[in-house]
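Any read-out appearing in this document is the output of simple, stated calculations on the displayed coordinates, not a laboratory observation. Predicted model only: the values in this text are computed from it and were never measured. Positions of Cβ are generated from backbone atoms using ideal geometry, with glycine treated the same way; all protein chains shown enter the neighbour counts.
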Amino acid sequence: MKIALIGPQGSGKSTQAELLAKDLNLPKITVGDIFRQIASEDSEEGRRINQILSAGQLVDDQTTASMVKKRLEKDDVNGGFIMDGYPRTIEQQNIFNPNFDKAVYLNVPKEEVVSRLLQRGRVDDTKELINKRLDLYYQQTQLLLDYYRKQGILIEVDGLGNIQRIQGEIKKSI
């Protein structure tokens with residue numbers, strides 16, 4: 001089974017993806033991990049990705065889609081996978097479609113996400129910057145959610161509350 005986990009920063013999607021991957025015995029694929037792996041390589045592509053990430057910028061859609069596609073060509077995903085962080089936009093989905101069986105959206109109110117992110121205490125986690133990132137996220141993601149809804153594969157899960165309860169809801173709905 002190929003499952004996409006979608007949600008803003010601070011929604012708990014990485015935690016839920018990890019639990020679901022263990023429970024279903026599927027690999028968890030995270031775009032951030034793919035980027036960090038490539039950035040650590042002594043290659044032209046590695047240096048380019050490292051430069052983009054070090055500058056705090058986003059890797060372009062074409063490159064992101066290409067790297068995800070390459071990762072999904074490995075044998076460990078033959079039985080399925082849990083995808084965390086791809087696609088982020090409808091453009092990425094259009095460039096490379098992993099043909100998900102289900103797309104799980106962790107629905108967490110913006111105020112709660114802001115509160116969670118502020119508690120992390122990171123330098124780039126000021127209320128203003130968090131709100132700016134979230135506004136962009138919601139703007140980009142709405143088209144993606146609409147696409148999955150039309151495909152009949154979108155599952156919306158309330159992302160508030162106990163981690164195990166949320167995991168139970170996800171498992172029940174897939």
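Could you work out how much longer the chain between residue 133 and residue 47 gets when fully extended? Use 0.36 nm per residue separation minus the Cα distance between them, nm to one decimal. Please report the intermediate quantities before stating the final value.
On the way: separation 86, 0.36 × 86 = 30.96 nm, distance 2.56 nm.
Stretched fully, the residue 133-residue 47 segment lengthens by 28.4 nm.
What does the charge dipole of region 63-174 about its Cα centre add up to, to the nearest 20 debye, if the Cβ of each Lys and Arg holds +1 and the Cβ of each Asp and Glu holds -1? Could the numbers behind the result be given before it?
Numbers: 18 positive and 16 negative charges, 19 e Å.
So the dipole magnitude of region 63-174 works out to roughly 80 debye.
Can you find, among 145, 96, 113, the residue sitting farthest towards the positive end of the charge dipole of region 36-174, where Lys and Arg contribute +1 and Asp and Glu -1 at Cβ?
Going by the Cα projections, it comes out as 113.
Using Cα Rg over 2.2 N^0.38 Å as the read-out, say which of [x] 1.14; [y] 1.02; [z] 0.96 was calculated from these coordinates.
Here Cα Rg over 2.2 N^0.38 Å agrees with entry [y].
Farthest toward the dipole's positive end in region 106-174, which of 159, 170, 123, given Cβ charges of +1 (Lys, Arg) and -1 (Asp, Glu) about the Cα centre?
Farthest towards the positive end: 170.
Using all alpha carbons of region 1-78, what is the percent of pairwise distances in each 5 Å bin, ordered from the shortest bin to the longest?
The distribution over region 1-78 is 3, 13, 21, 23, 20, 13, 6, 0, given as percents.
Name the residue, out of 108, 59, 123, whose mean-square fluctuation peaks in a Gaussian network model built on the chain with Cα pairs under 10 Å.
Fluctuation is largest for 123.
List, in order, the whole-Hz ³J(HN,Hα) value for each residue of region 47-59 obtained from phi through the Karplus relation with A = 6.51, B = -1.76, C = 1.60 and θ = phi - 60°; use x for Gly and Pro.
In residue order, the calculated couplings are 5, 5, 5, 4, 5, 4, 5, 5, 7, x, 9, 8, 6 Hz.
Could you please rank 77, 68, placing first whichever residue has the fewest other Cβ atoms within 10 Å of its Cβ?
Numbers: 77 17, 68 20.
Final ranking by Cβ density, sparse to dense: 77, 68.
Under 30 Å between alpha carbons, and skipping anything fewer than 8 positions from residue 172 in its own chain: which lysines qualify?
Qualifying lysines at Cα under 30 Å: 2, 13, 22, 28, 69, 74, 102, 110, 150.
Along region 141-153, what does the Karplus equation 6.51 cos²θ - 1.76 cosθ + 1.60 (θ = phi - 60°) give for ³J(HN,Hα), rounded to whole Hz, x for Gly and Pro?
7, 4, 5, 5, 4, 4, 4, 5, 4, 5, 6, x, 10
With r defined as the distance between the Cβ atoms of residue 140 and residue 66 and R0 fixed at 22 Å, what FRET efficiency is calculated, to the nearest 0.05? Write out the running numbers ahead of the final one.
Numbers: r = 19 Å, r/R0 = 0.86.
For residue 140 and residue 66, the calculated efficiency is 0.70.
Once you have the Cα-Cα distance between residue 75 and residue 54, take 0.36 nm times their residue separation minus that, and quote the gain in nm to one decimal.
Extra length from residue 75 to residue 54 when fully extended: 4.5 nm.
Which residue, 131, 107, 162, tops the fluctuation ranking in a GNM of the chain built on C-alpha contacts under 10 Å?
Of 131, 107, 162, the most mobile in the Gaussian network model is 162.
If you build a Gaussian network model of the chain, linking Cα atoms that sit under 10 Å apart, which residue out of 63, 30, 89 swings the most?
Maximum among the listed residues: 63.
Dipole of region 1-56 (Lys/Arg Cβ +1, Asp/Glu Cβ -1, origin at the Cα centre): which of 32, 16, 43 lies farthest to the positive side?
Working it through, the farthest residue towards the positive pole turns out to be 16.
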